[in-house]
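Remarks on the structure that follows.
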Amino acid sequence: MIDGKKIIALCITKINEDSSRKFITALNNSLPSEDCRLMVYATCSELYWNTPMESGESAIFDLIDFDAADIVVVFVEKIKNKQVIDDILSRAKAYGKPVITVDGIYKGTISTIFDYEAGFRRVVEHVLDVHKVHNPHMMAGIKDNDFSEQRINVFADVLKSRGITFDCGNMVSYGDFWADPAARATEKLIAENRVPEAIICANDSMALAVTDTLISGGYKVPEDVIVTGFDGIDEIKLSSPKITSCICSYDKIAKKISDIIGECLNGGYKEEIFRIPATLILSESCGCNKEKTINAQRELFELSNRFYRYQDEEYSMYELVAQTISCTSIEEVSGIISNSRFYDVDCALTPECLDETVSPLSVIERENAYGEEMIDFFSSDEIRYTNYRRFSRKDILPRLKELLEYQNPMFLFGLNFLDVPLGYVCFHFHSYDVGSYCKVPQIIRALNNAIGGYRNLRYHHYLQNRVEEMYKLDNLTGLYNRNGFNKEFERIVGQARENGGVVSAALVDLDGLKAINDTYGHDEGDNAIKTAAEAFSTCCPEDSVCVRFGGDEMMAIANGKINEATLRNDINACLNRYNAVSGKLYRVSVSVGVYICDKPESMDFDDLVKESDKLMYFEKRLKKSTKKKEEITEP
């Protein structure tokens, strides 16, 4: 429950398909109370092939908050990946949440299934009993598929009960539940002169293909051959002839699920199986002509409109991707997306998407695909290009409570690029317009490619810059090496020449490096060099450029005058603090020399080194002289 609203979490795929859309619409409209809200967790594919893209898509089910969900509904026939289903069910069980499965039977759940077997039996019996067919043929689905085998068994059983011998080799063809294989199987029957009195198809897509192939081959349907389908898809009402079929009503199964939800919310949960009967649709392809006439012109106009809208929107989505992946900041990305044709949609991204220094692959091993925090990146109801709000992933969206005030379903889809989760989007359409549902895969693909492509390209630029930085920086000290320093040197000297200013060169040399190396080893010598470099770069003027050009020699150049006494005192103070706490058996100290050049038009790097080196060695000799005097005066 969230803010007094009972949450029904529905797991499904492909909401753009008519069957999914009809089911969601019917279920949302029949929820048992005004306090129930449908939150739909969905993917654009059926997850059948288990590809990297599908793996990234299925991460959306990690987003389900089982603390907040009151009931979980899983449309198992739509989700073609058993592992994904098992994961959802096991998590729901761990939280003690009631689970209703749709179109599939799973232990520990309330199962609601269409009675396909009884429905298909009615089709076969109608063909044999009403139309007196003695030589039927079946166009089955995929060989060894459960649904296909079930319908073959029904076909065989009805034939046997009518005294007709069933010969699978001669009476069954396989159309793989799809148009092209069904057409090829029908062409084979025609070529072998084995066209039967009736072809009973395991689904409507094959029935449409079989009918078209028969007519193209010179046969009349139903005069020469009766054809029937199964499923009741919309296309069978627009075909000529219209196809006799059997429809599994989503209104009926949604109403039953709604009744079960009401009972569960009142504590009436128990494992049970409910079978929803299918309805026989008699039409022209069997000769009954009982299907009511539809307005074909209106239907075709709507299909044509959706097709051309799809083409226009596909081009605009392509432009979105092309513009986005070349952006140089996430704010630019947000601006482009905000100006696109999106409505009723919010988008949340993982924080990594806003940080170009983080590898896109860094989240793959994370236990939850989205982490604990999310970024409120985009909302079609707001204009916001910056100040992205962070929020807890468990809250889904910062304005979730506001959206739950509406009684429309909320659709949550994962964003991913090359199997890497990027975040998720929430669609909250205010109507059941089919065009909105059909646009969802387009929008998801566009955002995947736009944000994923942008992120990969920015990370590539970051790595490229890092390589360039590594090439021009000294590995030990982090100061510029000679190659990297040259460009910066020319920049500073060029500014001095242009402005008629002066350039300062400060050179430091580590005291007693050979003794440290000989006594304590080269690792300690490296430590002394690194410590001296950190003190040197910290104490130099902010706009200076530091370089390590020798083993223990370092130089800084800057526009303007560097005060030698101040620099020396600051470095000594910094090193004294280090020596006091380092625990080392040696002290780190440096000698400093600063040279001020007021003729930048004639200076070069070697001149600066030479002059500052003289001053630095003067201090070094002074230190040695002072030390000897101290040793002589010791008692």
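The values are calculated or read from the model by the stated rules, or taken from the named source; none is laboratory data. Owing to the predicted nature of the structure, the values given are computational and were not obtained by experimental measurement. A quick note on method: Cβ atoms are made from the backbone with ideal geometry, for glycine too, and the neighbour counts reach across all protein chains shown. Areas reflect the complete protein model, heavy atoms only, side chains present, ligands, DNA and RNA absent. Shrake-Rupley method; radii C 1.70, N 1.55, O 1.52, S 1.80 Å.
Observations on the structure shown:
- Annotation: amide H of I276 within the under-5 Å range of I113, F114, D115, sequence separation 5 or more or interchain, hydrogens built in the peptide plane.
- The Kirkwood hydrodynamic radius of the stretch 554-622, based on inverse pair distances between different Cα atoms, is 13.7 Å.
- Approximating the spin labels as points 7 Å out from Cα along Cα→Cβ, the D543-to-A191 distance works out to 8.4 nm.
- The convex hull drawn around the Cα atoms of the chain, when projected onto a plane and averaged over every direction, covers 43.4 nm².
- With all protein chains in place and a 1.4 Å probe, the accessible surface of the chain carries 49 percent carbon and sulfur.
- Once the Cα-Cα distance is subtracted from the 0.36 nm per residue extended length, the K132 to A580 segment shows a gain of 150.7 nm.
- Contact order, relative form, for the stretch 104-222: 27 percent (alpha carbon pairs under 8 Å, 6 or more residues apart, mean separation divided by residue count).
- Note that the stretch 414-533 carries a Kirkwood radius of 20.4 Å, evaluated over its alpha carbons pair by pair.
- All Cα-Cα separations within the stretch 150-231 were binned at 10 Å from zero, giving a P(r) of 18, 53, 27, 1, each value a whole percent of the pairs.
- For the stretch 10-21, putting each phi into the Karplus relation 6.51 cos²θ - 1.76 cosθ + 1.60 with θ = phi - 60° gives couplings of 9, 9, 7, 10, 6, 5, 6, 6, 4, 5, 5, 4 Hz, in residue order, rounded to whole numbers and with x for Gly and Pro.
- Distant-in-sequence amide H partners of H137 (H built 1.01 Å from N, under 5 Å): A198, I199, I200
- The stretch 37-48 - phi-based ³J(HN,Hα) in whole Hz, Karplus 6.51/-1.76/1.60, Gly and Pro as x: 10, 9, 10, 9, 9, 9, 10, 7, 10, 7, 6, 6
- Straight-distance candidates among the aspartates and glutamates for linking to K107, with alpha-carbon spacing under 16 Å and chain neighbours fewer than 8 residues away dropped: E77, D86, D87, E271, E272.
- Within the chain, the longest segment free of exposed loop sites, counting GluC sites (Glu not before Pro) that fall outside DSSP classes H, G, I, E and B and have at most 14 other Cβ atoms within 10 Å, spans 35-191.
- Residue-wise HN-Hα coupling along the stretch 128-144, computed from phi with Karplus coefficients 6.51, -1.76, 1.60 (Hz; x: Gly, Pro): 6, 8, 7, 9, 6, 7, 10, 10, x, 10, 10, 9, 7, x, 7, 4, 6
- Extension gain, D395 back to H430 (0.36 nm per residue minus Cα-Cα distance, nm): 10.4 nm
- Whole-number Å³ per residue for the convex hull built on Cα positions in the stretch 31-100: 91
- Taking a straight Cα-Cα cut-off under 20 Å and skipping sequence neighbours fewer than 8 places away in the same chain, the aspartates and glutamates within cross-link reach of K160 are E117, E125, D129, E149, E197.
- For the stretch 236-295 versus the stretch 538-596, the gap between their alpha-carbon centres in whole angstrom: 84
- When the helices of the chain are scored as -39500 (n - 2.57) per DSSP H run of n ≥ 4 and the total is divided over every residue, the value at 222 nm lands at -14500 deg cm²/dmol.
- Above-threshold pairs, the threshold being 19 Å between Cα atoms, out of K97/K394; K584/K624; K80/K143; K93/K270; K514/K624; K14/K80: K584/K624
- The chain, relative contact order [Cα under 8 Å, separation at least 6], %: 12
- Relative contact order for the stretch 448-559, counting Cα pairs under 8 Å that sit 6 or more residues apart, in percent: 32
- Applying the Kirkwood pairwise sum to the alpha-carbon positions of the stretch 1-125 produces a hydrodynamic radius of 15.3 angstrom.
- Per-q log10 I(q)/I(0), the stretch 186-262, q = 0.13, 0.19, 0.25, 0.26 Å⁻¹ (Debye; single scatterer per alpha-carbon; no solvent): -0.45, -0.74, -1.11, -1.17
- Protection proxy ranking, highest mean first, for peptides 246-254, 416-424: 416-424, 246-254, where packing is the per-residue count of other beta-carbon atoms within 10 Å, averaged.
- Gyration tensor over the Cα atoms of the stretch 527-573: the corresponding equivalent ellipsoid has semi-axes (square roots of 5 times the eigenvalues, largest first) of 17, 13, 8 Å.
- Computed about the Cα centre, the dipole magnitude for the chain is approximately 500 debye when only Lys and Arg (+1) and Asp and Glu (-1) carry charge, each at its Cβ.
- For C438, the accessible area of its heavy atoms, probed at 1.4 Å with every protein chain present, is near 40 square angstrom.
- Our summary of shape: the Cα atoms of the stretch 316-450 have principal axis extents of 41, 34, 27 Å, ordered from largest down, in whole angstrom.
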